[in-house]
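The values are calculated or read from the model by the stated rules, or taken from the named source; none is laboratory data. No experiment lies behind these values; they were computed from the predicted model shown. Methodologically, a virtual Cβ is constructed for each residue, glycine included, from the backbone with ideal geometry; neighbour enumeration extends over all protein chains shown. With ligands, DNA and RNA removed, areas are computed over all heavy atoms of the protein, side chains included. Shrake-Rupley method; radii C 1.70, N 1.55, O 1.52, S 1.80 Å.
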Amino acid sequence: MPARLLAYASLPGRRWLQRQSFRRQLSIGVTLGTMLLALATSLACTWQASRQIETSLLGQGLRVTEAMASQSNLALVYGSADNALAAVKTTLSFPDVTQVTLRLPDGKVLLSQGQAADANDARPPSPQLRQPVLSHETARAWHFVAPVLSQPTALELEGETPPQQLLGFVQVVQSKDTLRRMVVDVFTINLAISFLFAFVFVLGIRYLSRRLTRPLTDLARVMAEAERGQRGVQARLSGSSEIAGMAKAFNRMMAALDEREQALEESRRHYREVIETVKEVIFQSDALGRWQFLNPAWTDITGFAVEASLGQPISDYLHGEDLAVFSDCLQQLESHQTGATQCELRLRRADGRLVWLEVRQRSLFSEYGEYLGTSGILNDISERKRAEAELAEHQAHLEDLIESRTEALANANRDLEAFSYSVSHDLRAPLRRINGFSHLLEEDYANQFDETARMYLSRIRSGIASMDELIEALLSLGRITRAHLDRAEVDLSVIVRTIIEEFQHAEPERDAVFRISPTTPVYADPALMRVVLQNLLGNAWKYSAKKPQTRIEFGTALCQGRHAHYVRDNGAGFDMAYAAQLFGVFQRLHQHSDFEGTGIGLATVQRVIHRHGGEIWAEAVPGEGATFFFTLGGQHEP
C-alpha cells in the first residue's frame, strides 16, 4: 500500500491515474480517502482513550502513594525499616509499581525496594509538602511522592490538637507499561473497526459508482464512435437527469452535425458547380510561381488543358514584355507590401493569339508567416481593350468638345458675376429702404404701437437682417467659387487660435475648453482656409452653446491612409442618416428656433475644400457632438 500511494503521488503515478477510466479513478479516490479517514479516526480515538487511561493510572498512583504513606508512620517514628517492610511489599504487588522508597525528613533513605532509583528521586522533597503529588515524569514511569505526617493521640484528640509533624516521605515509581499496552490495544481495536467500516463503505461506494458511471461510460463510448467518424450514433437516455440531459444534448449535437455535414456536402457540390461554370479563371499558385489550381474556364480562354498546365510556371504563358510587371506584383505580395494586387497582362493562347487578362490576386501565408503563393482571378478583357483603342480614336474630337464647354463655362461665370452685381445692388436697395423706414417707425412711433405692433415691427427688422445675411452668404459663395487660388504655406493651428480668441472675446462668460494640436503647415490659400475654419469652428461654437461646458478640439488624424484635419465638438450633433444633406445650399438639420444660420456655411466650406482638391466629411452622434474631417490635395508646395 505505501508503494502504491507513492506511485500515485509521483508523476508517473499521476499519468497512470489519468489514463484510467472515470469509474476506476472514482473508486481509487474514494478508497484512498476512506482509508486515510479511517486511519485518522483511529488515531484520534486512540489519542482520546490514551488521555483517559493516563488520567486513571495517575489517580491510581496517587492513591497507592497516599496509602503507603498512611502505613509508614511507625517505621519513620522509630526509624525502623522492618516495620514498613510488609507495607512496601504490599505496595510493590500493585500492577506497574516498580519501586518504593521511604525517606527521613532530611532526605536520607530509610528503606528502598524495587528497581534502582532515578537520579531525580535522590533529591529530598520539599518540607512544605502536605499531600501526595506527581514529582516528575520520565518516558517510562511516573514518580510520585507523599508526606508522612504524625497522627494525633487520643489525649490530643480530647484537647487542643497540636500541629502535625513531618515524619518523612514516601516515593513510589509507577511504570507506563500498562499505559503503552492499553494504548496499543485500543489503537489496534479502533483501527480494525475503522477499516471494517471503511471496507463496507468502499463496497457501497463501488456499487453506487458502478451504477452512476455506467451511463457516463456508455456516453463516452458513443462519443468515441462519433470521434472515429461514425454517423448516426445516438446515446441512450439513462442514468440521472443530469446525465440524461447530457445524452440528449449529445444526440441534438450529433443531429445538428449530420445536418451540417449534409449542408457542407451540398455547399461543396454548389462550389464545384460554380467553379466549373464561371467564365473567369480561378487560380492558385505556389511560392515558386507555378499553377496549383485552375478551373475549366482556363481551357476556354487559353486553349490549354488544365491537367497539362498544372505545375507549370506562370511566366511560360505570359508575353515577354509583361514579365516585369507580373514579377513586380509577386514581389509586392511576397514582401508584405500589399495584401492584393491588380494588373493587366497579355497571355499567348495555345493557337498563338494574344489575349488581354486582368489579374487580381492576393497573397497566401501560413500561420507561421511563411509565404505559400497566391490565389486570384483571371478575367478576359480583350474586348475592353479593343473598346479602349476605339475610344482613343475619338480623343481629338473630345478635346474640341472640352474646349467649347470651357468657353461656355466662362460665359456662365460672366453671367454669374452679372447676377451677383444685380443681387448686391438691385436686391439690397429695396431692403435698405425697408430697413430705414422700419427704423424710423421704431424710433418715432414706438410709443403709439401696442405690444402686437411692436412684435410685428421686430419681426420685419429680423427678417430684413436674415435676408441681408442670406444675400451676403450667397455673394460670398459666388466669390469663393470664382476666386483665384493664391497658394502659400499656411499653419492652420495659428488661424484656429486667432478665431478662438475672437470667440472668447465675444463671450468671455462662456465655460469653454479648447485643445489645439500643432499641425504641419499646408500649401493652400490662406484667406480661403480662414473661411473654412471660421465656418467649422463657428458651427462648433454655436451648436455646443447649450452644453454646461463647451469642448472644441482641432488636430490631425490618419484616416484611410490619408492625413486629415478635423474639428471636433461636444455639441448637439446630428443623425448620420442625414449626413448627405449637410453640404447642400440652404440645407439645415436643426430648427432655426434652436440654432440660427443661413444653411450656406458648410456649402461654402465644401466648395473651398474641393477647389483645393480635397474632401470633407462628418461623423456625429445626436446629443454627443460632431467631428468634421477635411483633406487638402497637394498640401505641400511642389
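Below, the figures for the structure above:
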{"read-out": "Any chance Phe201 is under 47 Å from the mean Cα position of the chain (by Cα), modelled with pLDDT of 75 or more and under 30 Å from Ala38 (Cβ atoms)", "value": "yes"}
{"read-out": "Qualifying position, being within 60 Å of the chain's Cα centre (by Cα), more than 20 Å from His319 (Cβ to Cβ), at pLDDT 85 or above and not polar (S, T, N, Q), among Leu345, Leu372, Leu330, Leu378", "value": "Leu372"}
{"read-out": "Residue in segment 44-59 that is under 43 Å from the mean Cα position of the chain (by Cα), at pLDDT 75 or above, under 28 Å from Ala192 (Cβ atoms) and surrounded by 16 or more Cβ atoms within 10 Å (Cβ to Cβ) present", "value": "no"}
{"read-out": "Answer from Gly613, Gly601 - the residue that is buried (at least 16 other Cβ atoms within 10 Å of the Cβ) and either within 22 Å of Leu492 (Cβ to Cβ) or modelled with pLDDT under 70 (or both)", "value": "Gly601"}
{"read-out": "Within segment 60-74, tally of residues that are among the polar types (S, T, N, Q) and either surrounded by fewer than 20 Cβ atoms within 10 Å (Cβ to Cβ) or over 23 Å from Ser112 (Cβ atoms) (or both)", "value": "4"}
{"read-out": "Tabulated pairs, segment 607-620, first farther than 14 Å from Val531 by Cβ and among the aromatic types (Phe, Trp, Tyr), second in a strand (DSSP E or B) and open to solvent by 10 Å² or more (accessible area, probe 1.4 Å), C-beta under 9 angstrom, 6+ apart or interchain", "value": "Trp617/Cys559; Trp617/Phe628; Trp617/Phe629"}
{"read-out": "Residue in segment 150-183 that is farthest from the chain's Cα centre (by Cα), counting only those that are closer than 17 Å to Leu76 by Cα and at pLDDT 85 or above", "value": "Gly168"}
{"read-out": "Residues satisfying the stated conditions in segment 75-94, i.e. assigned to a helix (DSSP H, G or I), surrounded by 15 or more Cβ atoms within 10 Å (Cβ to Cβ) and aliphatic (A, V, I, L, M)", "value": "Ala75, Leu76, Val77, Ala84, Ala87, Val88, Leu92"}
{"read-out": "Lone qualifier among Val306, Val274, Val281 - being more than 38 Å from the chain's Cα centre (by Cα), among the aliphatic types (A, V, I, L, M), under 30 Å from Leu354 (Cα atoms) and modelled with pLDDT under 85", "value": "Val274"}
{"read-out": "Every pair of residues 6+ apart whose Cβ atoms lie under 7 Å, when the first sits in segment 483-512 and is of a type in the set (Phe, Trp, Tyr) while the second is assigned to a helix (DSSP H, G or I)", "value": "Phe503/Trp541"}
{"read-out": "Where a residue in segment 148-176 is part of a helix (DSSP H, G or I) and its partner, wherever it lies, is modelled with pLDDT of 65 or more and surrounded by fewer than 10 Cβ atoms within 10 Å (Cβ to Cβ), with Cβ under 7 Å and at least six apart", "value": "none"}
{"read-out": "Cβ-Cβ under 7 Å pairs, at least 6 apart or on other chains, segment 271-285 side farther than 8 Å from Ala297 by Cβ, far side open to solvent by 80 Å² or more (accessible area, probe 1.4 Å)", "value": "Gln284/Gln292; Ser285/Gln292"}
